[in-house]
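J.: This is the structure I have questions about; it appears just below.
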Amino acid sequence: MANSSQNTSPSDSSLPNGRTSLTQVDPPIALGPLDGRYQPQTAPLTDYLSEAALNRDRVHVEVEWFIYLCRNEVLPGLEPLSEAQEADLRAIVTNFDGESISELAEIEAVTVHDVKAVEYFIGNRLEALGLARLKPLVHFGCTSEDINNLSYAVGIRDAVTNVWLPAARELVDGVSDLASSARDMPMMSRTHGQPATPTTLGKEMAVLAFRLQRQIKHVENQEFLGKINGATGTYAAHYASAPQVDWQEVSRGFVEYLGLTWNPLTTQIESHDWQAELYSSIAHFNRILHNLCTDIWSYISIGYFRQIPVAGATGSSTMPHKINPIRFENAEANLEISCSLLDTLGETLVTSRWQRDLTDSSSQRNIGVAFGHSILAISNVTKGLARLDVAEEALAEDLDRNWEVLAEAIQMVMRAESIAGVDGMDNPYERLKDLTRGHRVDQARLIEFVSELGLSPEAEERLKNLTPATYNGIASRLVDYIR
């Protein structure tokens, strides 16, 4: 016989080890970090991508469909509602609150169907609005997915427009500001981790800003598609009930009325291709931001950036001197989680067995989680950038330790001199390789080497005046591409 102590349910007051169950704590404890530890950063998404927000958007779509059918007198017996009636219907959406959420939950407990619960929720209010006669108009001609796809499109669009894009733009503004302020700060480049042709710190930050800006433009130009065409996308019920109506035109008009792009050809579900495209762009943004985090982390580790201490903060439980780059490390983890979810959503949502299966329904409940981890990462990086101070002396010292990077400039000048007819410029690459490969070469040795080459006076003078700090081409000017 099984030990009854092993059958503890979530509602039991204690666990097998005698501890009090945390399920009894009031208010309830969040299972995940986005609704717990990091709730202040991710809270704005609740208005668009939570279950409650989805239900509010479902109510919104149902109400607007009701108003649209009346306003356009689509069916015999319909006439436009008064302004007051339209306002009263829309108040069901604007007044959607905690009590509304509880009422919907009670209805759904009976219907065991979320969209049907929304239909009843609206229908229950029509008599008080003097519209009881039109109760059959609620959800007219609709399958659940007609409401769901439009509700998701509205919610995702608004989350992108009002939360994700503003946060992403603020972040990129921070990177751009750093690029502009450091545009003239010479810095040692590293290719394969080894000293390479110098650059400026500003130009390197501008590269990342430019990449992020491109992905923001992709997101800004994203279409949000919607459909309202019945159980399998054929308008069968529509034409059976009102064959005289141009239902395609009604469908197009309503979807565009909601501010979405009409999808004319679907199965029972809108095909979700636009969602896959959007998630790909956001995941790409995430991955570029991850690259920024690893670069900044590395620059901090070699002393190019100092982190400005936060009063009262502790970097290590045992090492008082430490200021850890926690903002960037936290962001890396959250970006990876966000990308994993976005990739999974993009892969799952574009496939549906025949005319409908429910894999998309379960998957889409995690859209807010994917966005939440991205928003959390963006927030951390934005805060991290604000606590950075460029250690110009460290940049200068690193450049001064690596005069051998001028070997590239010298051998290229020798090539140009040879083309111009100057004698003695044979094998420039090989001669500089012998001088510098695996060797430290200081300023004096390079000047001596240049003096012995037999260059034209102008070329010799130009090379003798060159330093690692000035050998960065037009790096400073390239920052202008992020304007």
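The values are calculated or read from the model by the stated rules, or taken from the named source; none is laboratory data. Just so it is clear, the model here is predicted, and its values are computed rather than measured. For neighbour counting, all protein chains shown are included, and Cβ atoms are generated from backbone atoms with ideal geometry for every residue, glycine included. In case anyone asks, the SASA skips ligands and DNA or RNA and just uses the protein heavy atoms, side chains included. Shrake-Rupley method; radii C 1.70, N 1.55, O 1.52, S 1.80 Å.
J.: Among 102-114, 135-147, 246-258, how do they line up by average Cβ neighbours within 10 Å per residue, starting with the highest?
T.: Packing order, densest peptide first, comes out as 135-147, 246-258, 102-114.
J.: So what's the Cα pair-distance distribution over the range 319-385, bin width 5 Å, in %?
T.: So the P(r) values, bin by bin, are 3, 17, 20, 15, 13, 10, 8, 6, 4, 2, 1, 1, 0.
J.: Okay, moving on. Across the range 246-289, what fraction of all alpha-carbon pairs, as a whole percent, falls in each successive 5 Å bin from zero upward?
T.: 5, 19, 18, 21, 12, 10, 8, 5, 2, 0
J.: Work out how much length A420 to E452 would gain on full extension: take 0.36 nm times their residue separation and subtract the Cα-Cα distance, in nm to one decimal.
T.: On the way: separation 32, 0.36 × 32 = 11.52 nm, distance 1.84 nm.
Stretched out fully, the A420 to E452 stretch lengthens by 9.7 nm.
J.: Can you work out the FRET efficiency for the pair A87 and R387, with r the C-beta to C-beta distance and R0 = 35 Å, to the nearest 0.05?
T.: It comes out at approximately 0.10.
J.: Please quote Rg/Rh for the range 160-238 to two decimal places, taking the Kirkwood radius as Rh and restricting both calculations to Cα atoms.
T.: On the Cα set of the range 160-238, Rg over Rh gives 1.37.
J.: Any idea which of V245, T197, L178 is furthest toward the positive side of the dipole for the chain, if Lys and Arg beta-carbons carry +1 and Asp and Glu beta-carbons -1?
T.: Going by the charge dipole, the pick is T197.
J.: Another one. Per residue, how large is the accessible surface of the chain? Use a 1.4 angstrom probe and give square angstrom.
T.: With all protein chains present, the chain gives 51 Å² per residue.
J.: For the range 357-416, what are the per-bin percents of Cα-Cα distances with bins 5 Å wide, up to the bin holding the maximum?
T.: The percentages, shortest bin first, are 4, 13, 9, 9, 9, 8, 8, 8, 8, 7, 6, 6, 4, 1.
J.: Still on this model: Please report, as a whole percent, how much of the solvent-accessible surface of the range 290-426 comes from carbon and sulfur atoms (probe radius 1.4 Å).
T.: With neighbouring chains kept in place, the figure for the range 290-426 is 54 percent.
J.: For the chain, take the longest principal axis of its alpha carbons; what is the angle in degrees between that and the long axis of helix 165-181, to the nearest 10 within 0 to 90?
T.: Once rounded, one gets 10 degrees.
J.: Another question, then. Would you please report the Å³ per residue occupied by the convex hull of the alpha carbon atoms in the range 311-454? Please list the in-between numbers first.
T.: Details: hull volume 38.4 nm³, N = 144.
Spread over its residues, the Cα hull of the range 311-454 gives 267 Å³ apiece.
J.: How big is D for the range 392-451, in µm² s⁻¹ as a whole number, if Stokes-Einstein is applied with the Kirkwood radius of its Cα pairs at 10 °C and 1.306 mPa s?
T.: Estimated via Stokes-Einstein, D reaches 128 µm²/s.
J.: Remind me, relative contact order of the chain in percent, using alpha carbon pairs under 8 angstrom and six or more residues apart?
T.: Relative contact order for the chain comes out at 16 percent.
J.: Here's something else I'd like to know. Starting from the Cα of E336, step 7 Å along the direction of its Cβ; do the same at I474; then give the gap between the two resulting points in nm.
T.: Those two pseudo-labels are separated by 4.0 nm.
J.: Relative to the Cα centre, what is the charge dipole magnitude of the chain, using +1 at the beta carbon of each Lys and Arg, -1 at the beta carbon of each Asp and Glu, and rounding to the nearest 20 debye?
T.: 660
J.: Any idea which of G454, V74, G141 is furthest toward the positive side of the dipole for the chain, if Lys and Arg beta-carbons carry +1 and Asp and Glu beta-carbons -1?
T.: After comparing all options, I get G454.
J.: Separate question: For the range 47-101 and the range 364-437, compute the distance between their C-alpha centroids and round to whole Å.
T.: 57
J.: Something else now. How large is the helix-only mean residue ellipticity at 222 nm for the chain, computed as the sum of -39500 (n - 2.57) over DSSP H runs with n ≥ 4, divided by its residue count, in deg cm²/dmol to the nearest 500?
T.: Calculated at 222 nm, the ellipticity per residue is -17500 deg cm²/dmol.
J.: Same structure again: P(r) tail for the range 19-94, what percent of Cα pairs lie past 14 Å?
T.: 73
J.: In nm, what is the difference between 0.36 nm times the number of residues separating E79 and R483 and their Cα-Cα distance?
T.: Using 0.36 nm per residue and subtracting the Cα-Cα distance, I get 140.2 nm.
J.: Given a Förster radius of 41 Å and the C-beta distance between I101 and D177 as r, what FRET efficiency does 1/(1 + (r/R0)^6) yield to the nearest 0.05?
T.: In this case the efficiency is close to 0.50.
J.: Along each of the three principal axes of the Cα atoms of the range 1-132, give the extent in whole Å, ordering the values from largest to smallest.
T.: Computed over the Cα atoms, the extents are 67, 41, 21 Å.
J.: With N residues in the chain, what two-decimal value do you get for its Cα radius of gyration over 2.2 N^0.38 Å? Mind dumping the intermediate values first?
T.: Numbers: Rg = 31.6 Å, N = 483, 2.2 N^0.38 = 23.0 Å.
Dividing the Cα radius of gyration by 2.2 N^0.38 Å gives 1.37.
J.: Using just the Cα positions, wrap the range 104-159 in a convex hull and report its mean projected area in square nanometres, one decimal place.
T.: With every direction weighted equally, the projected area is 4.7 nm².
J.: Specify which residue in the list Y481, L341, A52 is farthest towards the positive end of the charge dipole of the chain, using unit charges on the beta carbon of Lys, Arg (+1) and Asp, Glu (-1), about the Cα centre.
T.: The one lying farthest along the dipole's positive direction is L341.
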